[in-house]
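Contents: one structure, followed by commentary.
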Amino acid sequence: MLEIVDLSFHYGSSTILRGIAAHVPKGRILCVAGPNGAGKTTLLRCLTGIARPSGGQILIEGREVLRMTRRELATRVGYVPQHRPSGFPMTVFETVLMGRRPHLTWRPSARDLELTADILRELNLEDLAMRDLDRLSGGQAQKVMLARALAQEPSFLVLDEPTSSLDLCHQLEVMEMVQAVVGAGGMGAVIALHDLNLAARFADEIMLLKDGRVFARGEPSVLIGSENIREVYRVDADVRMGNGRPWVQPLRCVR
């Protein structure tokens, strides 16, 4: 279980997050949605220990994140930022193997190498293993960064806009990969997404942020409605159901 308890974050005199609360069991996907500036990325940075909350707690399996060492936290949280690192001449295999770093003592073991190869095989990245990361397409590179996070064998994945700049096919592939891994029950996921239709399609629960607060939280079929979208995004939208999931067609901005 990942628990967020009354979390707040201040930057100077500005309050970015206040009173954030949620719980994410293993086997579940929580999507965090909201307009630009709502606090999505800041929340994810707090979950990964990159940013230090001003108040409240983040607990992973009962342990407070702030009391963990960087190494301990890396064995529990696999983080995929919105923008991948560049400029490092590393192959795909080497990049994914780097995810084993929290578990390494001196050099990669036979198990580390085998696990890396298994993950590449499961994500259909075997053919790219010896390619340089910087020579991949955006969709391919995003899958590699997900593979690196999985190599950490974390309890939870934290993904910041994992489908940004990807075409429709790669968006689905990345989200289907996450859903399959989480659905196996070994880990949970917290994902920041702009695309409400993707969130509705893949999330078990959605948390809508507005002005740094939780505006609403619930299952997609309950949460995603025209009134909530108008209030949070200032957009009139037509929301319809299909295959048990809501589908959003934005109509016009509300001034």
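Every number here is computed from the coordinates shown, using simple stated rules; none is lab data. Worth saying up front: this structure is predicted, and the values here are computed from it rather than measured. Note that we place each Cβ from the backbone using ideal geometry, even for glycine, and neighbour counts take in every protein chain shown.
Residue-wise HN-Hα couplings along the stretch 205-215, as the Karplus relation 6.51 cos²θ - 1.76 cosθ + 1.60 with θ = phi - 60° gives them from phi, are 8, 10, 10, 8, 9, 9, 6, x, 10, 7, 6 Hz; Gly and Pro carry x. Taking packing as the residue-averaged number of other Cβ atoms within 10 angstrom, the listed peptides 233-241, 28-36 run from highest to lowest as 28-36, 233-241. Shown in residue order for the stretch 241-252 are the 3J(HN,Hα) couplings computed by the Karplus curve 6.51 cos²θ - 1.76 cosθ + 1.60 at θ = phi - 60°: 9, x, 6, x, 10, x, 10, 10, 10, x, 10, 7 Hz (x for Gly and Pro). What do you get for the angle between helix 138-151 and the principal long axis of the chain? Use alpha-carbon atoms, 0 to 90 degrees, nearest ten. Roughly 70 degrees, rounded to the nearest 10.
Label reach from Met241 (point 7 Å along Cα→C-beta): in the stretch 190-226, amide nitrogens under 11 Å belong to 221-222.
Scoring 247-255, 188-196 by mean Cβ neighbours within 10 Å over their residues and listing the highest first yields 188-196, 247-255. Scan (i) 18.4, 60; (ii) 17.4, 59; (iii) 17.2, 56 for the value of Rg and Dmax of the Cα atoms in Å calculated from this model and give just the label. The calculated read-out lines up with (i).
If you take every DSSP beta bridge whose two residues both sit in the chain, what share of them, in percent to the nearest 5, is antiparallel?
That works out to approximately 60 percent antiparallel.
Between Ile50 and Ala184, the modelled label-to-label distance comes to 2.6 nm, taking each label 7 Å out from Cα in the direction of the beta carbon.
Classification of the stretch 1-122 by its C-alpha gyration tensor yields a prolate form. The axis ratio a/c (a ≥ b ≥ c) is 1.5 or more, and a/b outweighs b/c.
For the chain, the longest principal axis of the alpha carbon atoms and the long axis of helix 110-122 meet at an angle near 50°. For the stretch 165-174, the Karplus equation 6.51 cos²θ - 1.76 cosθ + 1.60, evaluated at θ = phi - 60°, returns couplings of 6, 9, 6, 4, 5, 5, 4, 5, 4, 5 Hz by residue, with Gly and Pro reported as x.
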